[in-house]
Amino acid sequence: MSYMRLDAAANQAPKHHPPSRELIAVIVEIKRRNPRFGCPRIAEQISYTFGVEIDKDVVRRVLAKHCRPDDSETDGPSWLTFIGQIKDSLWSVDLFRCESILLRSHWVLLVMDLFTRRIVGFSVAPANIDGVSVCRMFHHAIAGQRLPKYLSTDHDPLFRFHRWLANLRVLEIQEIKSAPCIPVSHPFVERLIRH
């Protein structure tokens, strides 16, 4: 593939035209070599490398049309497909810090059902927490609820406490870590926390 032709085609083509064959080939090749890259990152790489401004939605349409799932060298269903298949048995848990009106720092643990996007519960604890505190907060947040089969957490060090992991084994809940730097793998609870 000629990258010189890609540069020339990009500089001559108006913005509203469909992407050229060379640009499509570059998008598909970047995705094949970097299966964890999302559409915004691919658009950013093309812009940085070739000076070609391309919208992430154009990248998404190109990948949907020209990139088969087996091209990405990943096994299993996508994250969103996985969520749909395990209806009512996957909860998402996240921790965040906030300050009270008296300017005291607190940790908040939020539990959400990923399929229905219903808030299962939440719990608050003072600033200094450990594995025991995280377990206590979790049990308080889910009191009276039927336990899920899976629990999605991010890579926060607070979810690596030995007590936390032992607690999940006792409850027979399998922990699934979200994919780092991929927002779609932990989307709903993160969006709720930001608001």
Taking the Cβ of each residue in K31, K65 as the centre, tally the other Cβ atoms inside 10 Å and list the residues starting with the fewest.
-> K65, K31
What does the charge add up to near L171, with Lys and Arg as +1, Asp and Glu as -1, over the other residues with Cβ less than 12 Å from its Cβ?
-> +1
Sort H66, H155 so that the residue with the fewest other Cβ atoms within 10 Å of its own Cβ comes first and the one with the most comes last.
-> H155, H66
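None of the figures in this text is laboratory data; all of them are computed from the coordinates on show. Everything numeric here is computed off the predicted structure, so don't read it as measured data. Counting neighbours? That spans all protein chains shown, and the Cβs are built from the backbone with ideal geometry, glycine included.
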